[in-house]
Amino acid sequence: MSQPTKPGAGIPSLHGLGVLSGLAAGAWLGAAEAPTKLVTAGFSPFIISFGMVAGVFVARWTLPVLVVGTARLGDDLRRRPHLIVWAVLAGMLWVVANTLTVFAIRDVGLSIAFPLWNTNSLVGLFWGWLLFNELRGGAARDWGKVAGGALAIVLGACVLAYATSHQEAAAGQAWRGILAALGAGLLWGTMYVPYRKAYISGMNPFSFVTVFTVGELVTMTVLLLVFSGGAAGMARDLSAVRPALFWLFLGGFCWVIGDLFQQYAAKYIGIGRGIPLSNTNQLWGLAWAMFVFGELTGQPATARALVVVGSLIMIVGAVLISRAEASAAERARWEEAAGRERDRYGVEVWSGGEAAEAKSAAHGRRWWDAVIVLAALGVFAWLAVEAERQALSVSVPAALALGAATLTLLAYAAGQLWRKTGFE
């Protein structure tokens, strides 16, 4: 593979890479939620979340090893050991949030729940401003875009919440699903604080997610043991869901790809801008829900119109926020936040400036890298053999079309990241 190149024709700036990464994240995070529809087949939300987390664990060790190797990962963690606890904490927050989304999908449906938990934009925007000086020193027009975008996101969420009154859910279920989705948004918005701390400290996103997944798997295992009645209940639930585990693992794999792009967006343009861009996953989620699963079929025209209008309003808000590019004055304030990290932990920091662009370090491959990758492929192959078609109504042509679109975006965005930064 050739070495990353200097900026040139066809290669976007770091801000452009952040925007592209956020959009790619939206596509893959949207696809990742499709397997959670299995909750409608009667599986426990906890066992579904556990299956996805197990898939995430396998993928989050496989992709980093495949792309950068264990030597690079080990070197990164040795130089920044203080970030290990932050990565584990982020993984714990992710698991609880992901479990809440499964409850939300069960109670109000994928097309409703998606935009509601994407209020994590507001949470991330607040933490970015408070802790990392994002938007401080920014021009009035940037503040206007962000304020207008935030109001649009809130308005869109309100429209979608009202739309649930037209759903045929049992009394009390709709609002329970709304609360679950909003709770997930709160936790996911807070989860980006460790992300930003990691990247201004110079950690590679692939290294961060490798530790991140430890917090995920441990927390999810504890939740499943508690809420399924101990080891015996966990074994029973795993046996029941075994024919569907491949689809859950596949969802976890898609989530890892989306999350990696999301972390590059947070690294290059900040969490206040990166999160709204990745929240374009609501459009992809709506497309999967409507075209693949026919989720709104049979619903009143008013309900479907409100879902579409609410989603579009939230997307407008996300676009407004993402277009508020950081000015030189704001980047100077980013430097101050990065300096605090340097002084606190005694490490090199990266504030996001163009001149601070990182390049790949030379790290050799190890024989066990191939073993890890082959073992992961073996797990997926075994689950694929065991997989059975689930009792869900699915449009295969629509699924293939959406899958092709997400793969195309993956190839383009990954190619640009490599050419510009070498995945640093």
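The values are calculated or read from the model by the stated rules, or taken from the named source; none is laboratory data. None of the values given here were measured: they were computed from a predicted structure. Because the Cβ atoms are built from the backbone with ideal geometry, glycine has one as well, and the counts that use them run over all protein chains shown.
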Evaluate the following for T190: is it surrounded by fewer than 20 Cβ atoms within 10 Å (Cβ to Cβ), part of a helix (DSSP H, G or I) and within 16 Å of the chain's Cα centre (by Cα)? yes
Every residue in segment 394-419 that is in contact with a helix residue (DSSP H, G or I) (Cβ under 8 Å, 6 or more places away or on another chain), in a helix (DSSP H, G or I) and β-branched (V, I, T), please. T406
For A387, are the conditions met, namely being surrounded by 12 or more Cβ atoms within 10 Å (Cβ to Cβ), in contact (Cβ under 8 Å) with a residue 12 or more places away in the chain and in contact with a Ser or Thr (Cβ under 7 Å, 6 or more places away or on another chain)? no
Kindly list the number of the only condition in (1) within 27 Å of V371 (Cβ to Cβ); (2) surrounded by fewer than 24 Cβ atoms within 10 Å (Cβ to Cβ); (3) touching a residue at least 40 places away in the same chain (Cβ under 8 Å); (4) among the small types (G, A, S) that fails for G91. (2)
Of the listed residues (V292, V308, V256), the one being more than 17 Å from A113 (Cβ to Cβ) and at pLDDT 80 or above is V256
I'd like to check something: does segment 242-258 contain any residue that is under 13 Å from the mean Cα position of the chain (by Cα) and of a type in the set (D, E, K, R)? no
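For (1) surrounded by fewer than 23 Cβ atoms within 10 Å (Cβ to Cβ); (2) among the hydrophobic types (A, V, I, L, M, F, W, C), each residue gets a yes or a no:
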residue	(1), (2)
F246	yes, yes
F249	no, yes
G272	no, no
M290	yes, yes
State the number of residues belonging to segment 196-253 that are basic (K, R) and in contact with a Lys or Arg (Cβ under 9 Å, 6 or more places away or on another chain). 1
Which condition from (1) buried (at least 23 other Cβ atoms within 10 Å of the Cβ); (2) within 24 Å of F208 (Cβ to Cβ); (3) over 20 Å from the mean Cα position of the chain (by Cα) is the one that D107 breaks? (2)
Which pairs do you get when a residue that is at positive phi and touching a residue at least 40 places away in the same chain (Cβ under 8 Å), found in segment 250-279, comes within reach of a residue that is acidic (D, E) and crowded, with 24+ Cβ neighbours inside 10 Å, reach meaning Cβ atoms under 9 angstrom, with the pair 6+ apart or on two chains? G270/E134
Considering residues that are at pLDDT 85 or above and either of a type in the set (F, W, Y) or crowded, with 24+ Cβ neighbours inside 10 Å (or both), the number found within segment 126-147 is 6
Which of the residues belonging to segment 279-310 are assigned to a helix (DSSP H, G or I) and touching a Ser or Thr at 6+ places or on another chain (Cβ under 8 Å)? Q282, L283, W284, G285, L286, A289, M290, F291, V292, V307
Does G42 satisfy being of a type outside the set (F, W, Y) and at pLDDT below 85? yes
What number of residues within segment 315-330 are touching a residue at least 24 places away in the same chain (Cβ under 8 Å) and in a helix (DSSP H, G or I)? 10
Kindly indicate the residue of segment 126-144 that is part of a helix (DSSP H, G or I) and in contact with an Asp or Glu (Cβ under 8 Å, 6 or more places away or on another chain) and also nearest to E341 (Cα to Cα) among those meeting that condition. G128
Checked against (1) assigned to a helix (DSSP H, G or I); (2) in contact (Cβ under 8 Å) with a residue 12 or more places away in the chain, G202 satisfies every condition except (1)
Looking at P81, P4, which is the one that is in a loop (DSSP other than H, G, I, E, B) and at pLDDT 85 or above? P81
